[in-house]
Amino acid sequence: MNELLWLGFAVMDLSLVLVIYRFFGKTGLYGLIVFNLILCNIQVLKTIELFGMTTTLGNILYASVFLSTDILSEFYGKKEAKKAVYLGFVVLLMAVVYMQLALKFVPAADDFSQPHLEAIFGFLPRIALGSMAAYIVSQLNDVYIFHLLKDKMGERHLWLRNNASTLLSQFLDSSVFCLVALWGLFPFDVWVEILFTTYLFKAIVAVMDTPFLYLVRRQRSRVVES
């Protein structure tokens, strides 16, 4: 059941990147990067079983962030891609600070949400610290490698610069995130499995996003820029 849900979720999320871009242009991609980044940092708290392996949820939404930045890199240049990376970083930082402030408020006597919010967002600072470190390192690396290859190859081999930049950056991301956010929370063998499977499933989605990037190239003339 999880496997079918995961595959369906991946296809749906990658498809929605195209839909958002079609109707809202690069502004829509900025919003989507922020949305996916915040949501995947909540989903990553949940571990699931996929194909007999333990992994964290959230890798689909995070992998599609790379599709969005690759679209920005390919069609708008390095400057716009970096702007999206920095925007995502700043908004994630704001979300962490705001939710920590929210938890400081003394709840009313009949409040029922505080324990649930604490269970989710009380743990968020370490998750967010790992995510922010991994995000800024991997995304800037992704933009750098993507444009390094584009400068050498021109418009040819879009599939190569998309996959090479993303797969390398996803490895950096998974390594930094698991080290900062998850080290010591699980037995070592489980931690290694989470590191491996987190990268594996992100890599699968990264490879899956290549046809979607080519679809964007074909439909560029119909994109609504705002």
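The values are calculated or read from the model by the stated rules, or taken from the named source; none is laboratory data. These figures come from a predicted structure and were not determined experimentally. Because the Cβ atoms are built from the backbone with ideal geometry, glycine has one as well, and the counts that use them run over all protein chains shown. With ligands, DNA and RNA removed, areas are computed over all heavy atoms of the protein, side chains included. Shrake-Rupley method; radii C 1.70, N 1.55, O 1.52, S 1.80 Å.
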- Query: Can you flag which of LYS26/LYS82; LYS46/LYS104; LYS83/LYS104; LYS26/LYS79; LYS83/LYS202; LYS78/LYS202 are past 21 Å Cα-Cα?
  - Reply: LYS46/LYS104; LYS83/LYS104; LYS83/LYS202; LYS78/LYS202
- Message: Could you check the spin-label model distance between PHE186 and MET153? Points 7 Å from the Cα along Cα→Cβ, value in nm.
- Response: 3.3 nm
- Query: Can you give the Kirkwood hydrodynamic radius of segment 166-225 from its Cα pairs, in Å with one decimal?
  - Reply: 13.4 Å
- Please work out the average accessible area per residue across the chain, using the 1.4 Å probe convention, and give it in Å². 49 Å²
- Task: Mind jotting down the distance between the C-alpha centroids of segment 1-50 and segment 109-162, whole Å?
- Result: 12 Å
- Message: Name the residue from LEU5, SER68, VAL91 whose Cα lies farthest towards the positive end of the charge dipole of the chain, charges +1 on Cβ of Lys and Arg and -1 on Cβ of Asp and Glu.
- Response: SER68
- Work out the length of the dipole vector of segment 98-226 about its Cα centre, built from +1 on the beta-carbon of each Lys and Arg and -1 on the beta-carbon of each Asp and Glu, and round it to the nearest 20 debye. 760 debye
- Query: Of all the accessible heavy-atom surface of the chain, with the other protein chains kept in place and a 1.4 Å probe, what percent is carbon and sulfur?
  - Reply: 73 percent
- Message: Ranking request for peptides 27-38, 101-112: highest mean number of other beta-carbon atoms within 10 Å first, then the rest in descending order.
- Response: 27-38, 101-112
- The simple spin-label model distance between GLU49 and HIS116, using points 7 Å out along Cα→Cβ, in nm, is 2.7 nm
- Note on the structure: Quick P(r) readout (the chain; Cα-Cα; 5 Å bins; whole %) gives 1, 7, 15, 18, 19, 16, 11, 7, 4, 2, 1, 0, 0
- Item | Nearest 10 degrees, 0 to 90: helix 2-43 Cα axis against the chain principal axis | 60 degrees
